[in-house]
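J.: My structure is below; once you've seen it, I'll send some questions.
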Amino acid sequence: MQSTFKLTTAAILVAASLSTCNGDNTAKNAAKPANVVSKALTAQAAEKFLVATEQELVQLNLEGSRAAWINSNFITQDTSALAAAADQKSTEAGVRFAMQAAKFDSVEVSADQRRKLNILKQSLVMPAPQNSAKSAELAKIGAELNSLYGKGNYTTKSGETLSLGEMTATMATSRDYDELLAMWQGWRTISPAMKPLYIRQAELGNEGAQGLGYTDLGAMWRSNYDMPADDFAKELDRLWQQVKPLYDDLHCYVRTELGKTYGEDKVPQDQPIPAHLLGNMWAQSWGNIYDLVAPENADPGYDLTKQLAANNYNEIKMVKGAESFFTSLGFEALPATFWQRSLFTKPADRDVVCHASAWDLDAKDDIRIKMCIQKTGEDFSVIHHELGHNFYQRAYQNQPVYYQNSANDGFHEAIGDRIALSVTPKYLKEIGLIDTIPDESKDIGLLMKMALDKVAFIPFGLMVDQWRWKVYSGEVTPENYNSAWWELREKYQGVTAPTARNANAFDPGAKYHVPGGVPYSRYFLAHIQQFEFHRALCEISGNTDPIHRCSIYNNKEAGAALNTVLEMGSSQPWQAAYKVLTGNEQMDATAIIDYFSPLHTWLKDKNQGKQCGF
Ligand code: X8Z
Ligand code: ZN
């Protein structure tokens, strides 16, 4: 199920509950429509409608979240049916609320009422057509897609069945071209079965969006950013153009080094990089191949995965470690129920959706994460990411349900990442995970590792929704789903499929957020925003170190500033929240560019005389 954020399909509900990759929905009593929109359309009638709707939303969110939680933690036909039923109810209610809210379009209401009404009109992720057979079909498709992904695995030629977690570990550590290729191809066997469902979901979602007055579902998604939808698309392009020169130099250097490892016949130096060689199943972040591209004489000399093992960190200790960063900033510790109800490890005996997510079941204190944690430095970062969602959810819990959400969806994704940017060598030494802080001569190595994770991600963060927007607008038709996906992968990332793809391949479906129905531009935004938030909070903390060595650990002033923004929820246009923290109302990529500027200079030097580009 889904939620404003989460996953699946449907829809959901307004802000409530959920967050990021998690799910839930809303709508409690679809059988008793809130027909509180009186015939006289006045500001008082709007208020009455908003109050009544708020009560319904609270109930719907709770019901939808519970069904989604159970389904994601125990994937069976029955739990999928229950989750789909809750999702249908939420979605139908969400559509009804959106239609009713639109009736007040030309009524004079207060700014606060207008904001709430607009939120009701825009917040569905997968709106259903106003037809109960179709809304049931849409909810069922969402649950099925989610199950196909959650249950996905690959049986090798020798008969071994591998989970995504196992394949992810091999993608991160193997340096054997053919083994990597087998994993890469193997995982993509899960998605051809999704394609007919996805086609129908797009049709129904578009019909739902059109019923609410949008040209298509992509336009509806783009309208969620306190600016005209077309301007939002332009903003993404503008930000990408700012980062692209840095990305291009990173790509060029990495391709050269991979050519040395695998041979230039396997990694042609004038072509996009084969997608299975970058340390990640989707080639979306490349930190796992750091050892292949580490700058000579500048290696910081520690590997966080090894340090976690050497210090006996198990999954819980990793989560406790991340929690203590937040409490060091002044945030209250997580509630006991978080520890009792979260899922931290992959169960041996049942199917679960392993993709990490953070949940807010009741918009009070029942916050949880669900994650099949691997004891790696990479997952230590993901845990910070997830807890960022949970601390955000708790910070805005006193807002009206309409505003129990982040300022824009990029904020929700940026907060935990921003904390993880403070997991510097100085911090790791302070908590006893490493013994010595590498000196300045190792900065290029530190920056390289971070760039492989963060800069490499940015074009991927952009292309996923470029693809979906084209699907929803009809520019890309089902026959071209896969070829259009790879055209965008090549255009933005300079990454290519390592083998010709079969006619039935549906490679977008092998990325969680596509079957999960989670919009993806939020992660692109988050990767720009987190560096702006980092810069701002480091300044507040009185940091005097170079920005990539700044950690706000233990700094209560920075924590208080962060909390001010989190507490606002989505009560103001995101530009206002942005201003509170950064002083600007417009996003800007200069913070990430400045952060990596020493590395960029180094890369340009290394790339001199090379034929870069793809
Ligand atoms: O899905 C996530 C989080 C949950 S919201 C683990 N992320 C994106 C992904 O894995 O594709 C975080 C970074 C990008
Ligand atoms: Zn997230």
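J.: Scan the stretch 185-202 and give yes if some residue there is touching a residue at least 24 places away in the same chain (Cβ under 8 Å), polar (S, T, N, Q), within 20 Å of G509 (Cβ to Cβ) and assigned to a loop (DSSP other than H, G, I, E, B), otherwise no.
T.: For the stretch 185-202, residues touching a residue at least 24 places away in the same chain (Cβ under 8 Å), polar (S, T, N, Q), within 20 Å of G509 (Cβ to Cβ) and assigned to a loop (DSSP other than H, G, I, E, B): present.
J.: I'm trying to understand the selection: among the residues of the stretch 296-309, which are without any contact (Cβ under 8 Å) to a residue 40 or more places away in the chain and not in a loop (DSSP other than H, G, I, E, B)?
T.: Listed by number, the list holds a single entry, K306.
J.: Report, by residue number, each residue of the stretch 95-117 that is touching an Asp or Glu at 6+ places or on another chain (Cβ under 9 Å) and either of a type in the set (G, A, S) or assigned to a helix (DSSP H, G or I) (or both).
T.: Result: F97, S110, Q113, K116, L117.
J.: Just checking, how many residues over the stretch 535-556 are surrounded by fewer than 22 Cβ atoms within 10 Å (Cβ to Cβ) and touching a Lys or Arg at 6+ places or on another chain (Cβ under 7 Å)?
T.: Adding up the residues that qualify gives 2.
J.: How many residues does the stretch 330-373 hold that are within 16 Å of ligand 1 (Cβ to nearest atom), of a type outside the set (G, A, S) and within 24 Å of L566 (Cα to Cα)?
T.: Residues that pass the stated criteria total 7.
J.: Continuing with this model, one more query. Would you check if there is a residue in the stretch 501-517 being at pLDDT 95 or above, under 14 Å from the mean Cα position of the chain (by Cα) and among the hydroxyl-bearing types (S, T, Y)?
T.: Checked against the condition, which is being at pLDDT 95 or above, under 14 Å from the mean Cα position of the chain (by Cα) and among the hydroxyl-bearing types (S, T, Y), the stretch 501-517 yields at least one hit.
J.: Next question. When D349 is evaluated against the numbered criteria (1) more than 16 Å from ligand 2 (Cβ to nearest atom); (2) in contact with an Asp or Glu (Cβ under 8 Å, 6 or more places away or on another chain), which criterion, by number, is the only one it fails?
T.: Going through the list (1) more than 16 Å from ligand 2 (Cβ to nearest atom); (2) in contact with an Asp or Glu (Cβ under 8 Å, 6 or more places away or on another chain), D349 breaks only (2).
J.: Quick test for you: out of A591, A576, A558, A526, pick the one residue that is hydrophobic (A, V, I, L, M, F, W, C) and over 23 Å from the mean Cα position of the chain (by Cα). Give the derivation first.
T.: Values: A591 fails: over 23 Å from the mean Cα position of the chain (by Cα); A576 fails: over 23 Å from the mean Cα position of the chain (by Cα); A526 fails: over 23 Å from the mean Cα position of the chain (by Cα).
After ruling out the rest, the residue left standing is A558.
J.: Could you tell me which residue of the stretch 394-409 is surrounded by the most Cβ atoms within 10 Å (Cβ to Cβ), considering only residues that are more than 13 Å from ligand 1 (Cβ to nearest atom) and in a helix (DSSP H, G or I)? Break it down stepwise before answering.
T.: Taking the stretch 394-409 and keeping what is more than 13 Å from ligand 1 (Cβ to nearest atom), we get 394-405, 407-408.
Filter once more, so that each one left must be in a helix (DSSP H, G or I): 394-395, 401-403.
Working: R394: 21, A395: 21, V401: 26, Y402: 24, Y403: 22.
In this case the residue turns out to be V401.
J.: While we're here: Quick check: is even one residue across the stretch 399-408 farther than 22 Å from M568 by Cβ, under 17 Å from the mean Cα position of the chain (by Cα) and away from ligand 2 (no atom under 14 Å from the Cβ)? Spell out how you get there, then give the answer.
T.: Step one: list which residues in the stretch 399-408 are farther than 22 Å from M568 by Cβ, which gives none.
Within the stretch 399-408, not a single residue is farther than 22 Å from M568 by Cβ, under 17 Å from the mean Cα position of the chain (by Cα) and away from ligand 2 (no atom under 14 Å from the Cβ).
J.: Among (1) in contact with a Leu (Cβ under 8 Å, 6 or more places away or on another chain); (2) over 25 Å from N408 (Cα atoms), where does K195 come up short?
T.: (1)
J.: Kindly provide the set of residues from the stretch 521-559 that are assigned to a helix (DSSP H, G or I) and among the aliphatic types (A, V, I, L, M), ordered by number. If you could, list the steps in order and put the result at the bottom.
T.: Filtering the stretch 521-559 for residues assigned to a helix (DSSP H, G or I) gives 521-540, 547-549, 556-559.
Scanning the stretch 521-559 gives L525, A526, I528, A536, L537, I540, I547, A558.
J.: If I ask for residues that are over 18 Å from D112 (Cβ atoms) and hydrophobic (A, V, I, L, M, F, W, C), which ones from the stretch 382-413 would you list?
T.: V382, I383, L387, F391, A395, F411
J.: Write out, first by first residue and then by second, each pair whose Cβ atoms fall under 9 Å of each other, whose residues are 6+ apart or on separate chains, and whose first residue, in the stretch 404-428, is farther than 21 Å from L446 by Cα while the second is among the charged types (D, E, K, R) and surrounded by fewer than 24 Cβ atoms within 10 Å (Cβ to Cβ).
T.: Pairs that qualify, where the first residue is farther than 21 Å from L446 by Cα and the partner is among the charged types (D, E, K, R) and surrounded by fewer than 24 Cβ atoms within 10 Å (Cβ to Cβ), are A407/D226; N408/D226.
J.: Which one is farthest from A576 (Cα to Cα), of the residues in the stretch 410-434 that are among the basic types (K, R) and more than 15 Å from ligand 1 (Cβ to nearest atom)? Full working, then the answer.
T.: Keep residues of the stretch 410-434 that are among the basic types (K, R), which gives 418, 426, 429.
From what is left, the residues that are more than 15 Å from ligand 1 (Cβ to nearest atom) are 426, 429.
Numbers: K426: 33, K429: 37 Å.
Among residues in the stretch 410-434 that are among the basic types (K, R) and more than 15 Å from ligand 1 (Cβ to nearest atom), the one farthest from A576 (Cα to Cα) is K429.
J.: Of all residues in the stretch 242-295, how many are among the hydrophobic types (A, V, I, L, M, F, W, C), under 21 Å from T168 (Cβ atoms) and either in contact with a Gly (Cβ under 6 Å, 6 or more places away or on another chain) or touching a residue at least 60 places away in the same chain (Cβ under 8 Å) (or both)?
T.: 12
J.: Contact list please: Cβ distance under 7 Å, first residue in the stretch 365-377 and more than 13 Å from H355 (Cβ to Cβ) and touching a residue at least 24 places away in the same chain (Cβ under 8 Å), second residue away from ligand 1 (no atom under 12 Å from the Cβ) and assigned to a strand (DSSP E or B), pairs at least six apart or on different chains.
T.: These pairs meet every condition: I367/D360.
J.: With the requirement that a residue be within 11 Å of ligand 1 (Cβ to nearest atom) and not acidic (D, E), what does the stretch 374-393 give you?
T.: The answer is S381, V382, I383, H384, H385, G388, H389.
J.: I need a count of the residues in the stretch 496-513 that are outside any loop (DSSP other than H, G, I, E, B) and either within 16 Å of ligand 2 (Cβ to nearest atom) or touching an Asp or Glu at 6+ places or on another chain (Cβ under 7 Å) (or both).
T.: Initially, the stretch 496-513 is screened for residues outside any loop (DSSP other than H, G, I, E, B), giving 496, 507-510, 513.
Then keep just the ones that are either within 16 Å of ligand 2 (Cβ to nearest atom) or touching an Asp or Glu at 6+ places or on another chain (Cβ under 7 Å) (or both); that gives 496, 513.
Residues that pass the stated criteria total 2.
J.: Looking only at the stretch 463-484, decide whether some residue is part of a loop (DSSP other than H, G, I, E, B), closer than 29 Å to N146 by Cβ, within 16 Å of ligand 2 (Cβ to nearest atom) and in contact (Cβ under 8 Å) with a residue 40 or more places away in the chain. Before you say what the answer is, go through the steps one by one.
T.: Going through the stretch 463-484, the residues part of a loop (DSSP other than H, G, I, E, B) turn out to be 474-477.
When the remaining residues are screened for being closer than 29 Å to N146 by Cβ, the result is 474-477.
Among the residues that remain, those that are also within 16 Å of ligand 2 (Cβ to nearest atom) are: none.
Scanning the stretch 463-484 turns up no residue that is part of a loop (DSSP other than H, G, I, E, B), closer than 29 Å to N146 by Cβ, within 16 Å of ligand 2 (Cβ to nearest atom) and in contact (Cβ under 8 Å) with a residue 40 or more places away in the chain.
J.: Just a yes or no: is a residue in the stretch 483-493 more than 23 Å from the chain's Cα centre (by Cα) and over 30 Å from N118 (Cα atoms)?
T.: First pass over the stretch 483-493, keeping only residues more than 23 Å from the chain's Cα centre (by Cα): 483.
Remaining after also requiring over 30 Å from N118 (Cα atoms): 483.
So far as the stretch 483-493 goes, yes, one or more of its residues are more than 23 Å from the chain's Cα centre (by Cα) and over 30 Å from N118 (Cα atoms).
J.: Moving on. Here are the criteria: (1) within 16 Å of ligand 1 (Cβ to nearest atom); (2) in contact with a strand residue (DSSP E or B) (Cβ under 9 Å, 6 or more places away or on another chain); (3) of a type in the set (A, V, I, L, M). Tell me which single one A322 does not satisfy.
T.: Condition not satisfied by A322: (2).
J.: Go through the stretch 59-79 and report how many residues are farther than 16 Å from L343 by Cα and surrounded by fewer than 24 Cβ atoms within 10 Å (Cβ to Cβ).
T.: So the answer is 7.
J.: For the stretch 227-240, check the following and say yes or no: at least one residue is more than 24 Å from the chain's Cα centre (by Cα) and at negative phi.
T.: So far as the stretch 227-240 goes, no, none of its residues is more than 24 Å from the chain's Cα centre (by Cα) and at negative phi.
J.: Oh, and also: All but one of (1) β-branched (V, I, T); (2) assigned to a helix (DSSP H, G or I); (3) in contact (Cβ under 8 Å) with a residue 24 or more places away in the chain; (4) over 15 Å from S406 (Cβ atoms) hold for T601, so report the exception by its number.
T.: (3)
J.: Consider K103 carefully, then state whether it is surrounded by fewer than 24 Cβ atoms within 10 Å (Cβ to Cβ) and in contact (Cβ under 8 Å) with a residue 24 or more places away in the chain.
T.: Here the answer is yes, as K103 does meet what is asked.
J.: Return the residue satisfying two criteria in turn: it lies in the stretch 220-230 and is in contact (Cβ under 8 Å) with a residue 24 or more places away in the chain and out of contact with any Pro (no Cβ under 6 Å at 6 or more places or on another chain), and of such residues it is farthest from K140 (Cα to Cα).
T.: Ranking the qualifying residues of the stretch 220-230, first place goes to Y225.
J.: Kindly list the number of the only condition in (1) surrounded by fewer than 20 Cβ atoms within 10 Å (Cβ to Cβ); (2) within 16 Å of ligand 1 (Cβ to nearest atom); (3) not charged (D, E, K, R) that fails for H527.
T.: (1)
The values are calculated or read from the model by the stated rules, or taken from the named source; none is laboratory data. Given the structure is predicted, the values throughout are model-derived calculations rather than measurements. For neighbour counting, all protein chains shown are included, and Cβ atoms are generated from backbone atoms with ideal geometry for every residue, glycine included.
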